[in-house]
């Protein structure tokens, strides 16, 4: 609980600054703390918690934006070799 109290404001600020949507920020906030709770046993020393938390934040935000803005398939015209035209 002490780690949550110490870092909760920082986590929410990251979420809100990245999304600018309070509802999305709250959802991400909860998802991040769930991942932290499930993965905290992986860190060996409490001193490395801040680094672990920042990694969870970064990866969760990346996943959020990947889901929010899926990649579109490029047409074969764009994926083929480049067509270079030289002026005559």
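No lab work stands behind these numbers, since they all come straight from the coordinates. Please read these numbers as outputs of a predicted model, since none were measured by experiment. No Cβ is skipped: glycine too gets one built from the backbone with ideal geometry, and neighbour counts run over all protein chains shown.
Details
- Spin-label pair residue 41-residue 16: with each label point 7 Å from Cα along the Cα-Cβ axis, the two points sit 3.4 nm from one another.
- Length gained on full extension, residue 9 to residue 65, computed as 0.36 nm times the residue gap minus the Cα-Cα distance: 18.0 nm.
- For q = 0.21 Å⁻¹, Debye-computed log10 I/I(0) when each Cα of the stretch 15-69 counts as one equal scatterer: -0.76
- Take the Cα of residue 24, step 7 Å toward its Cβ, do the same at residue 48, and the gap between the two points is 3.2 nm.
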